[in-house]
């Protein structure tokens with residue numbers, strides 16, 4: 001990756017809806033060069049996907065829960081089984097396997113406390129391997145970002 005790739009990535013992190021023409025103008029390359037580079041970055045897996053970030057509050061999904069989950073048995077297949085179930089659940093926005101402390105940290109976005117209770121029943125209470133769950137509910141979101149700091153090429 002060079003500085004042009006980094007400029008492309010920086011622009012796409014800010015606004016992935018830019019047309020190729022707009023993106024090329026902003027990073028000072030031809031549209032053909034821009035298109036070729038974006039395609040290469042996608043094929044390399046550097047650009048995983050392009051999405052729209054929606055407002056949970058305006059869509060009626062205003063409860064964010066940060067959940068710590070500790071399993072009873074941490075055998076590889078048991079960790080993988082829980083991870084697969086959690087990642088497949090629509091309420092789970094993010095799923096992290098973590099070390100030192102709980103086994104997983106999940107970020108859930110749900111409509112309300114009733115929806116959270118349904119999710120908790122589905123993911124935690126129904127799983128005999130879940131030993132402990134700690135839930136934290138967001139009362140204010142001071143920052144939410146998706147951008148990764150891009151370092152200049154070596």
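Answer rounded, prolate or oblate for the range 3-43, using the Cα gyration tensor with square roots of eigenvalues a ≥ b ≥ c: rounded when a/c is under 1.5, else prolate when a/b is larger than b/c, else oblate. Rounded. Helix 31-43 sits at what angle to the longest principal axis of the chain, using alpha carbons and giving 0 to 90 degrees rounded to 10? With rounding to tens, the tilt is 30 degrees.
Seen through its C-alpha gyration tensor, with square-root eigenvalues sorted a ≥ b ≥ c, the range 16-76 comes out oblate because a/c lies at 1.5 or above while a/b is not bigger than b/c. Taking only Cα atoms, what is the 0 to 90° angle, nearest 10, from helix 3-14's long axis to the longest principal axis of the chain? It is inclined by approximately 50 degrees. For the chain, the longest principal axis of the Cα atoms and the long axis of helix 76-88 meet at an angle of about 70 degrees.
Classified by the C-alpha gyration tensor, the range 47-131 has an oblate form. Its axis ratio a/c, with a ≥ b ≥ c, is 1.5 or above, and a/b does not exceed b/c. Three semi-axes describe the equivalent ellipsoid of the chain; taken as square roots of 5 times the Cα gyration tensor eigenvalues and ordered largest first, they are 38, 19, 13 Å. Its relative contact order, with pairs defined as Cα atoms under 8 Å and 6+ residues apart, puts the range 3-43 at 36 percent.
Read the figures in this text as sums done on the coordinates, not as results from a lab. Here the structure is a predicted model, which means the values were calculated and not measured.
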